[in-house]
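The values are calculated or read from the model by the stated rules, or taken from the named source; none is laboratory data. Here the structure is a predicted model, which means the values were calculated and not measured. Positions of Cβ are generated from backbone atoms using ideal geometry, with glycine treated the same way; all protein chains shown enter the neighbour counts.
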Amino acid sequence: MELLFLTLWTVVAIILGEQEAILFHIRPELGFKYKHIHVLFTAFRGIIATILIYGLKCSYLMLIPATLTFPFYHDGAYYVVRNKLNPTIYKLRWKAQSHGTTAIFSFTYSTRLYLLLIGYMATIWILLGLYL
(Lines give C-alpha, C1' and ligand atoms only; values in the text may rest on other atoms or scores of the structure.)
Protein backbone atom coordinates (compact mmCIF):
# COMPACT_ATOMS: atom_id res chain seq x y z
CA MET A 1 0.00 0.00 0.00
CA GLU A 2 2.96 2.31 0.54
CA LEU A 3 3.77 2.31 -3.18
CA LEU A 4 0.13 3.04 -4.02
CA PHE A 5 0.25 5.93 -1.54
CA LEU A 6 3.39 7.34 -3.12
CA THR A 7 1.87 7.02 -6.61
CA LEU A 8 -1.33 8.79 -5.54
CA TRP A 9 0.72 11.41 -3.71
CA THR A 10 2.66 12.09 -6.92
CA VAL A 11 -0.63 12.63 -8.78
CA VAL A 12 -1.81 14.96 -6.00
CA ALA A 13 1.46 16.94 -6.18
CA ILE A 14 1.13 17.39 -9.95
CA ILE A 15 -2.55 18.39 -9.75
CA LEU A 16 -1.89 20.90 -6.96
CA GLY A 17 1.07 22.34 -8.89
CA GLU A 18 -1.09 22.83 -11.96
CA GLN A 19 -3.94 24.29 -9.89
CA GLU A 20 -1.66 26.79 -8.15
CA ALA A 21 -0.08 27.75 -11.48
CA ILE A 22 -3.50 28.64 -12.86
CA LEU A 23 -4.41 30.49 -9.65
CA PHE A 24 -1.24 32.60 -9.66
CA HIS A 25 -1.53 33.23 -13.41
CA ILE A 26 -5.03 34.62 -12.96
CA ARG A 27 -4.36 36.39 -9.65
CA PRO A 28 -0.57 36.91 -9.34
CA GLU A 29 -1.00 39.38 -6.49
CA LEU A 30 -2.44 36.70 -4.17
CA GLY A 31 0.97 35.48 -3.06
CA PHE A 32 2.00 38.98 -2.10
CA LYS A 33 -1.33 40.23 -0.78
CA TYR A 34 -1.94 37.13 1.35
CA LYS A 35 1.53 36.27 2.62
CA HIS A 36 0.27 33.24 4.53
CA ILE A 37 -1.50 31.59 1.58
CA HIS A 38 1.33 29.05 1.33
CA VAL A 39 0.75 28.05 4.95
CA LEU A 40 -2.83 27.20 3.97
CA PHE A 41 -1.58 25.25 0.95
CA THR A 42 0.80 23.31 3.20
CA ALA A 43 -1.93 22.53 5.73
CA PHE A 44 -4.21 21.34 2.92
CA ARG A 45 -1.44 19.07 1.59
CA GLY A 46 -0.86 17.66 5.07
CA ILE A 47 -4.55 16.86 5.42
CA ILE A 48 -4.59 15.11 2.03
CA ALA A 49 -1.46 13.08 2.87
CA THR A 50 -2.86 12.07 6.26
CA ILE A 51 -6.18 10.98 4.75
CA LEU A 52 -4.39 8.93 2.09
CA ILE A 53 -2.09 7.28 4.63
CA TYR A 54 -4.97 6.52 6.98
CA GLY A 55 -7.22 5.28 4.18
CA LEU A 56 -4.56 3.04 2.68
CA LYS A 57 -3.41 1.89 6.14
CA CYS A 58 0.19 2.90 5.46
CA SER A 59 2.91 3.68 7.94
CA TYR A 60 2.89 7.31 8.99
CA LEU A 61 6.62 7.19 8.24
CA MET A 62 5.52 7.59 4.62
CA LEU A 63 5.11 11.29 5.41
CA ILE A 64 8.91 11.48 5.13
CA PRO A 65 9.16 10.43 1.47
CA ALA A 66 5.92 12.30 0.72
CA THR A 67 7.48 15.53 1.97
CA LEU A 68 10.77 14.92 0.17
CA THR A 69 9.29 13.97 -3.22
CA PHE A 70 6.55 16.61 -3.31
CA PRO A 71 8.61 19.61 -4.54
CA PHE A 72 9.95 17.76 -7.59
CA TYR A 73 6.50 16.98 -8.98
CA HIS A 74 4.59 20.00 -7.65
CA ASP A 75 7.09 22.65 -8.67
CA GLY A 76 7.82 20.98 -12.01
CA ALA A 77 4.12 20.91 -12.91
CA TYR A 78 3.72 24.49 -11.64
CA TYR A 79 6.50 25.84 -13.85
CA VAL A 80 5.33 23.92 -16.94
CA VAL A 81 1.77 25.26 -16.65
CA ARG A 82 2.92 28.81 -15.88
CA ASN A 83 5.11 28.68 -19.00
CA LYS A 84 2.21 27.35 -21.11
CA LEU A 85 0.05 30.23 -19.91
CA ASN A 86 2.80 32.81 -20.39
CA PRO A 87 5.72 31.64 -22.58
CA THR A 88 7.89 34.57 -21.46
CA ILE A 89 8.31 33.15 -17.94
CA TYR A 90 9.83 29.95 -16.59
CA LYS A 91 11.40 29.13 -19.94
CA LEU A 92 13.20 26.11 -18.47
CA ARG A 93 9.75 24.71 -17.71
CA TRP A 94 10.14 21.63 -15.44
CA LYS A 95 13.70 22.66 -14.56
CA ALA A 96 12.83 26.30 -13.85
CA GLN A 97 12.97 28.01 -10.50
CA SER A 98 11.31 31.08 -9.07
CA HIS A 99 13.25 34.21 -8.23
CA GLY A 100 10.41 36.19 -6.67
CA THR A 101 8.26 33.86 -4.63
CA THR A 102 6.40 34.14 -1.36
CA ALA A 103 6.53 30.37 -0.91
CA ILE A 104 7.86 29.04 2.38
CA PHE A 105 10.48 26.98 0.51
CA SER A 106 11.74 27.47 -3.01
CA PHE A 107 14.23 24.97 -4.38
CA THR A 108 16.46 24.88 -7.43
CA TYR A 109 15.90 22.04 -9.89
CA SER A 110 18.97 20.17 -8.68
CA THR A 111 17.82 20.43 -5.05
CA ARG A 112 14.37 19.17 -6.03
CA LEU A 113 16.00 16.25 -7.84
CA TYR A 114 18.18 15.39 -4.81
CA LEU A 115 15.14 15.54 -2.52
CA LEU A 116 13.28 13.21 -4.90
CA LEU A 117 16.11 10.67 -4.83
CA ILE A 118 16.41 10.87 -1.04
CA GLY A 119 12.62 10.45 -0.81
CA TYR A 120 12.75 7.30 -2.91
CA MET A 121 15.62 5.97 -0.79
CA ALA A 122 13.54 6.68 2.31
CA THR A 123 10.66 4.74 0.76
CA ILE A 124 12.92 1.72 0.22
CA TRP A 125 14.21 2.07 3.79
CA ILE A 126 10.63 2.07 5.10
CA LEU A 127 9.52 -0.84 2.89
CA LEU A 128 12.46 -2.94 4.04
CA GLY A 129 11.68 -2.12 7.66
CA LEU A 130 15.16 -0.74 8.31
CA TYR A 131 13.76 1.82 10.75
CA LEU A 132 13.21 -0.83 13.43
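Quick notes
- Entirely in region 1-102, the helices (runs of 4 or more DSSP H) that have 2 or more residues that are of a type in the set (A, V, I, L, M, F, W, C) and in contact with a Pro (Cβ under 9 Å, 6 or more places away or on another chain): 2-26
- Among residues that are more than 15 Å from the chain's Cα centre (by Cα) and either surrounded by 15 or more Cβ atoms within 10 Å (Cβ to Cβ) or closer than 24 Å to T123 by Cβ (or both), M62 is not included.
- Set G129, G119: member being more than 25 Å from E29 (Cα to Cα), small (G, A, S) and more than 13 Å from the chain's Cα centre (by Cα): G129
- Taking the listed residues I15, I48, the one that is within 30 Å of L127 (Cβ to Cβ), surrounded by fewer than 15 Cβ atoms within 10 Å (Cβ to Cβ) and among the β-branched types (V, I, T) is I15, with no other qualifying.
- Some residue of region 91-107 being aromatic (F, W, Y), touching a residue at least 40 places away in the same chain (Cβ under 8 Å), surrounded by 14 or more Cβ atoms within 10 Å (Cβ to Cβ) and over 23 Å from E2 (Cβ atoms): no
- Any hit, region 65-81, residues being within 30 Å of I124 (Cα to Cα), touching a Gly at 6+ places or on another chain (Cβ under 9 Å) and surrounded by fewer than 18 Cβ atoms within 10 Å (Cβ to Cβ): yes
- Given (1) modelled with pLDDT of 95 or more; (2) surrounded by 17 or more Cβ atoms within 10 Å (Cβ to Cβ); (3) farther than 29 Å from G129 by Cβ, number of the condition K84 does not satisfy: (2)
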